[in-house]
Amino acid sequence: MLTNPILKGFNPDPSIVRVGDDYYIATSTFEWYPGVQIHHSRDLKHWRLVARPLRRAAQLDLRGEPDSCGVWAPCLSYADGLFWLVYTDVKRYGRTSVGGASGASLRDFHNYLVTSPAIDGDWSDPIALNSSGFDPSLFHNDDGRKYLVNMLWDWRPGNNRFAGIVLQEYSHAARALIDEPRLIFRGTALGLTEGPHLYRRGGYYYLLTAEGGTGWNHTVTLARSRALEGPYELHPDGPVLSARGRPDAPLQRTGHADLVDTQTGETYMVYLCGRPLKNRGRCVLGRETAIEKMAWGVDGWLRTLNGEGAPSLETPGLALPDHPFATPPARDEFDDPALPVAFQWLRTPHPQEIFSLSERPGYLRLYGRESIGSLFTQSLVARRQEAHCFGAETLMEFEPGSFQQMAGLTCYYNGGKFHYLFVSWDEKLGKHLRVMSGLPDQPQVDAFTPPISIPPGRGIRLRAEVDYERLLFAWRLEDESTWHWLPQQFDASILSDEAAPPGTPNFTGAFVGMACHDTSGSGRPADFDYFEYRERDYRAGF
């Protein structure tokens with residue numbers, strides 16, 4: 001059996017492709033760099049991260065882009081001996097898109113194509129496709145022609161902003177779209193039609209879309225047509241998969257799906273989902289990737305195995321031997337010249353400006369840059385939270401000489417939602433430790449704990465322990481054996497999409513990692529000897 005989710009933590013908008021006996025899933029990364037995550041499996045059960053293809057400035061520069069913009073909804077395919085990856089780079093989110101919103105909603109998004117003969121190789125410079133909407137998908141037809149579909153954004157006041165799905169032919173020889181967009185599907189009454197994928201099967205073209213928005217009403221919609229340009233008839237049963245109206249479902253927000261056929265002709269659907277905290281109803285792990293075995297009926301329509309269209313925690317797997325991968329170590333010692341694969345940073349295509357693994361071998365050095373939450377260049381290196389209960393720890397050496405210099409351990413969602421256990425300095429206390437929190441659901445948007453004086457010239461271990469919505473911080477000097485626990489309990493549930501006003505862009509998930517900020521401009525560095533992340537069972541106290 002396959003247990004959901006198959007990709008835990010922030011891994012939304014999955015696109016899946018099979019090449020021989022190998023399966024690959026691409027997921028969105030938004031403002032995190034490098035862009036797009038690609039996981040690999042040979043059994044649909046065990047997955048490992050193998051590539052982040054958008055990793056140089058010519059391919060992607062996210063500086064200045066708002067939180068939850070950047071890389072949306074990549075589509076990964078394989079044809080003609082190449083991997084093809086199309087994606088959206090969102091530069092401006094614009095006004096709210098919730099029902100009833102009035103006025104214009106101006107957005108800027110650009111769709112691109114990159115290719116590579118190897119999944120973990122050097123991907124090409126991007127080909128600009130269009131900017132008419134987001135969620136592009138490339139369809140390789142049986143006759144060798146290629147077509148791009150994407151949702152169409154209509155900014156005009158009073159119009160349906162999610163105006164439907166448009167189709168354009170792509171010529172790789174011309175490296176461009178070669179005809180005008182044609183509207184092939186307007187969507188259903190659920191609205192917010194996005195995330196299109198086209199398939200060819202049994203004389204039909206099938207169009208899979210996401211509808212209802214990427215919250216509690218999210219659904220997977222299927223339509224089909226004998227002709228590529230339509231008209232498309234809807235599935236007679238309604239949505240193919242949804243947790244809408246099913247508050248008892250352990251997987252919520254289910255939608256934005258893609259299909260893959262196995263070596264033996266079986267069909268699986270991958271889709272995004274969320275696992276809300278029972279006490280808060282917030283999905284701190286972000287939108288994750290799940291999988292469902294599907295079946296084609298004699299009527300040529302796709303359904304879940306039980307026909308109910310509900311997501312499940314377990315689904316039948318492949319009739320193949322398990323193919324597990326080595327488990328990554330819980331502690332990263334920073335002994336290699338490359339950043340461990342679990343870690344990402346924010347926005348900049350120039351990582352040498354914010355960190356180094358060679359300046360002091362065996363340490364990750366972060367250079368103090370802009371303030372936490374900056375949309376341009378901040379030194380924050382972090383990894384996804386992938387379980388509701390975990391502990392994280394690091395050993396830091398940092399000697400601030402100004403109140404504008406700080407470094408430490410952070411549990412981070414975006415520039416307005418974080419908890420930051422940091423070391424700094426001021427004229428009265430000298431070197432000290434405290435927590436700064438960005439609070440999205442309180443009248444005061446930031447909060448600070450009382451500072452704790454600590455001696456200069458000594459390394460400090462920083463620790464975070466998360467159990468569902470509870471976050472605790474602790475510290476001890478390098479040569480001490482006893483942890484000092486801060487008396488405050490912090491709300492970890494704010495590190496979620498749901499802890500925000502409706503209609504605002506909140507599409508990522510919780511990270512935990514290391515940060516260093518120096519708003520004086522002098523670039524005071526902090527050195528981190530290791531970073532440890534351990535998932536565990538719930539603990540009532542420490």
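Tabulated data for the structure shown
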| read-out | value |
| --- | --- |
| Residue match in the stretch 486-498 (condition: in the same structural domain as Pro455 (by TED's automatic domain parsing), farther than 15 Å from Val435 by Cα and surrounded by fewer than 20 Cβ atoms within 10 Å (Cβ to Cβ)) | no |
| Conditions (1) in contact (Cβ under 8 Å) with a residue 60 or more places away in the chain; (2) polar (S, T, N, Q); (3) exposed (fewer than 11 other Cβ atoms within 10 Å of the Cβ); (4) under 21 Å from Ser41 (Cβ atoms); number of the one not met by Asn279 | (4) |
| Residue in the stretch 416-423 that is assigned to a loop (DSSP other than H, G, I, E, B) and in contact (Cβ under 8 Å) with a residue 40 or more places away in the chain present | yes |
| Whichever residue in the stretch 80-105 is surrounded by fewer than 17 Cβ atoms within 10 Å (Cβ to Cβ) and modelled with pLDDT of 90 or more and, among such residues, is farthest from Glu169 (Cα to Cα) | Arg92 |
| Extreme residue, farthest from the chain's Cα centre (by Cα), among residues of the stretch 234-293 that are among the aliphatic types (A, V, I, L, M) and assigned to a loop (DSSP other than H, G, I, E, B) | Val240 |
| Where Pro505 falls short, out of the listed (1) touching a strand residue (DSSP E or B) at 6+ places or on another chain (Cβ under 6 Å); (2) in a loop (DSSP other than H, G, I, E, B) | (1) |
| Residue ID - surrounded by the most Cβ atoms within 10 Å (Cβ to Cβ), chosen from residues in the stretch 38-76 that are of a type in the set (A, V, I, L, M, F, W, C) and assigned to a loop (DSSP other than H, G, I, E, B) | Leu62 |
| Qualifying residue in the stretch 397-407 (condition: under 27 Å from Val466 (Cα atoms) and within 24 Å of the chain's Cα centre (by Cα)) | no |
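Every residue, every condition in (1) small (Gly, Ala, Ser); (2) surrounded by 15 or more Cβ atoms within 10 Å (Cβ to Cβ); (3) touching a residue at least 60 places away in the same chain (Cβ under 8 Å), yes or no:
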position	(1), (2), (3)
Asp108	no, no, no
Ala118	yes, no, no
Asp125	no, no, yes
His140	no, yes, yes
Pro157	no, no, no
Arg175	no, no, no
Glu194	no, yes, yes
Gly203	yes, no, no
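Condition check ((1) acidic (Asp, Glu); (2) outside any loop (DSSP other than H, G, I, E, B)) across all residues:
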{"site": "His432", "(1), (2)": "no, yes"}
{"site": "Gln444", "(1), (2)": "no, no"}
{"site": "Ala447", "(1), (2)": "no, yes"}
{"site": "Arg461", "(1), (2)": "no, yes"}
{"site": "Val466", "(1), (2)": "no, yes"}
{"site": "Trp475", "(1), (2)": "no, yes"}
{"site": "Glu480", "(1), (2)": "yes, no"}
{"site": "Ser496", "(1), (2)": "no, no"}
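The values are calculated or read from the model by the stated rules, or taken from the named source; none is laboratory data. The model shown is predicted, which means the values in this text are computed figures rather than measured ones. Glycine gets a Cβ as well: all are built from the backbone with ideal geometry, and neighbour counts include every protein chain shown.
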